[in-house]
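The values are calculated or read from the model by the stated rules, or taken from the named source; none is laboratory data. Here the structure is a predicted model, which is why all the values come from computation and not from measurement. Reconstructed Cβ throughout: ideal geometry from the backbone, glycine too, with neighbour counts over all protein chains shown.
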Amino acid sequence: MKKLVTILIFAMLIFVSNVTIAFAQEPTKPEETEIWEPKPKVVTVDSETKIPLDAIVLFDGANFDEWVTAADSTEVKWILNGDGSMTVKNKTGDIQTKRNFGNIQLHIEWRSSPENTGSNQSKSNSGIFLQNRYEVQVLDNNDNDTYVNGQVGSIYKQSIPLAKASSKTGDWNSYDIIYHKPEFDSEGNKTKSATITVLHNGVLIQDHYEIKGTTEYIGWPKNIAHGDAPIKLQDHGDNSRVSYRNIWVRAL
């Protein structure tokens, strides 16, 4: 009986091995490697604005309807300009979106002020915070050195940008950001780091960087469990005069 069982098991192993080999054989027809489903969704891009039609327009210059003051959720006190942009009003506080976001594609344009004559971290300093915690630095580094993990395009105090692609002072810059949020288990432990890719004026400056945690001014990154959260723009409090325009986001 044991001999019979051994023979049957051996025969099954040969059968499974032959099936595996059959599946591993090189395809001989083009249609054998064609996949037809599922079809990607169709996304149309507006021919004039270049904004995808499935995007949420967070700021188009008309109003602050998508934003509140971060500290107390009151009306935004920043300056709404006639050219479709907004400018940080000194010491009125950060602003943030009314909506919460997780994984996103974000487009945002910003401009440093030629009137700002500060140096180091005081020359047109602002920042874009994803999930209200993770900062992509905005700063005028033209003829203005600072610590490189805090320069323009850095993930603040964490990741030095791969290149500096700034427009000249007073000209508009663009950031295109792909961000995937961190994941936490039921006990609040981080199981997967957030990742970020940033293009500055079309130049890759952050390449799928794994964010270590919150971008702290002093101290190490923190990893306290959280859910989706607002996008925040910083009032650095030193009369930065940074302006923003054409902000839109796509949920991923």
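For segment 202-234, the tally of residues that are over 25 Å from residue 186 (Cβ atoms) and surrounded by fewer than 17 Cβ atoms within 10 Å (Cβ to Cβ) stands at 9.
Looking at segment 169-188, which of its residues are touching a residue at least 12 places away in the same chain (Cβ under 8 Å) and assigned to a loop (DSSP other than H, G, I, E, B)? Correct list: 169, 170, 171, 181, 182, 188.
Before we move on, is residue 246 of a type in the set (S, T, N, Q) and either at pLDDT below 95 or part of a helix (DSSP H, G or I) (or both)? Considered against the rule, which asks whether it is of a type in the set (S, T, N, Q) and either at pLDDT below 95 or part of a helix (DSSP H, G or I) (or both), residue 246 comes out as no.
Scanning segment 145-163 for residues being assigned to a loop (DSSP other than H, G, I, E, B) and in contact (Cβ under 8 Å) with a residue 40 or more places away in the chain gives a total of 8. Among the residues of segment 69-91, how many are more than 19 Å from residue 111 (Cα to Cα) and surrounded by fewer than 18 Cβ atoms within 10 Å (Cβ to Cβ)? Residues that pass the stated criteria total 5.
Selection of segment 113-125 for residues being crowded, with 22+ Cβ neighbours inside 10 Å and of a type in the set (Gly, Ala, Ser) yields only 124.
Looking at the structure I just gave you, is residue 105 outside any loop (DSSP other than H, G, I, E, B), out of contact with any helix residue (DSSP H, G or I) (no Cβ under 7 Å at 6 or more places or on another chain) and either surrounded by 21 or more Cβ atoms within 10 Å (Cβ to Cβ) or not charged (D, E, K, R) (or both)? When the stated conditions are applied, residue 105 passes them. The sole residue among 89, 39 that is in a loop (DSSP other than H, G, I, E, B) and within 25 Å of the chain's Cα centre (by Cα) is 89.
Listed here are the residues, each with its yes/no results for (1) in contact with a strand residue (DSSP E or B) (Cβ under 8 Å, 6 or more places away or on another chain); (2) more than 30 Å from residue 50 (Cα to Cα).
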| residue | (1), (2) |
| --- | --- |
| 174 | yes, no |
| 177 | yes, no |
| 180 | yes, no |
| 191 | yes, yes |
| 194 | yes, no |
| 199 | yes, no |
| 208 | yes, no |
| 216 | no, yes |
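Any residue at all in segment 217-240 that's modelled with pLDDT under 95 and either among the charged types (D, E, K, R) or under 14 Å from the mean Cα position of the chain (by Cα) (or both)? Yes, there is a match, as at least one residue in segment 217-240 is modelled with pLDDT under 95 and either among the charged types (D, E, K, R) or under 14 Å from the mean Cα position of the chain (by Cα) (or both). What number of residues within segment 108-123 are out of contact with any strand residue (DSSP E or B) (no Cβ under 8 Å at 6 or more places or on another chain) and not in a loop (DSSP other than H, G, I, E, B)? Looking only at that region, the number is 3.
Out of 214, 191, 197, one residue alone is at negative phi and either of a type in the set (Gly, Ala, Ser) or in a loop (DSSP other than H, G, I, E, B) (or both). It is 214. Mind checking which residues of segment 176-193 are of a type in the set (Lys, Arg) and crowded, with 16+ Cβ neighbours inside 10 Å? Correct list: 181 only. So which residues in segment 137-175 are among the acidic types (Asp, Glu) and surrounded by 19 or more Cβ atoms within 10 Å (Cβ to Cβ), if there are any at all? Listed by number, the list holds a single entry, 140.
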